[in-house]
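Data first, discussion second: the structure below is written as structure tokens.
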């Protein structure tokens, strides 16, 4: 099967005022694969992740040059519908952030916003999304209870279900397990293996072992630049750049 590029990033530069946070980023993100972004704190991983659904638009004095093509549409062009973009490219944050509503209403919220009102259809979407996030069996008897009563790991999977409910193409995950215990982390890692059958996933992680376990491709960031991108096995076993090797072996970072 030929690997198809889902997102193509060309000569991307990002500035916060006078400070340049991303420097000449070029990258292909492959469809139905997990791409991990690794590198020390402050190297630009999360900033780059946020350029993929224009979350940086919300930051005062952020300025972008270059192109990000999602299925060949430049998401920074005037033709790009921001609401449609955020529907196509879902985001899961570091800390679980369920709405202060019921489990059911958390998942139904997105579809309702996009005009689905029929209860039977919403029921179907809620169940399908919770199953997709490997959470249905744990919450099917408590759909009408507050989401904030779930454990941290369950809340994070609920946030994933909330993304799935609007049928995105891409899932962005910014250190989605850093606030979770080892068992919850493992559940989300196992879930990624299933999710990539239907979605293209980009994950920021500080955890080298996690990047090695869950990703097909890995990009190493340093000081706002991509040092190298390759198959994960190659990055961890035979990196081309000494800086990548030094980071992976724990010499810095």
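For (1) surrounded by 18 or more Cβ atoms within 10 Å (Cβ to Cβ); (2) in contact with a helix residue (DSSP H, G or I) (Cβ under 6 Å, 6 or more places away or on another chain), each residue gets a yes or a no:
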site	(1), (2)
5	no, no
12	yes, no
20	no, no
31	no, no
48	yes, no
59	no, no
70	yes, no
75	yes, yes
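Assuming residue 79 fulfils every condition listed in (1) at pLDDT below 95; (2) at negative phi; (3) within 21 Å of the chain's Cα centre (by Cα) apart from one, which condition is it? Condition (3) is where residue 79 drops out. When 178, 184 are screened for being closer than 23 Å to residue 33 by Cα, in a loop (DSSP other than H, G, I, E, B) and at pLDDT below 95, only 178 passes. Within the set 26, 53, 97, the sole residue that is closer than 25 Å to residue 178 by Cβ and either surrounded by fewer than 20 Cβ atoms within 10 Å (Cβ to Cβ) or free of Cβ contacts under 8 Å to residues at least 40 places away in the same chain (or both) turns out to be 97.
Residues of segment 77-94 that are surrounded by 14 or more Cβ atoms within 10 Å (Cβ to Cβ) and part of a helix (DSSP H, G or I): 85, 86, 87, 88.
Between 107, 126, 68, the distinction of being in contact with a strand residue (DSSP E or B) (Cβ under 6 Å, 6 or more places away or on another chain), more than 15 Å from residue 171 (Cα to Cα) and outside any loop (DSSP other than H, G, I, E, B) belongs to 68 only.
The values are calculated or read from the model by the stated rules, or taken from the named source; none is laboratory data. Remember, predicted model here, so these are calculated numbers, not experimental data. Cβ atoms come from the backbone with ideal geometry, glycine included; neighbour counts cover every protein chain shown.
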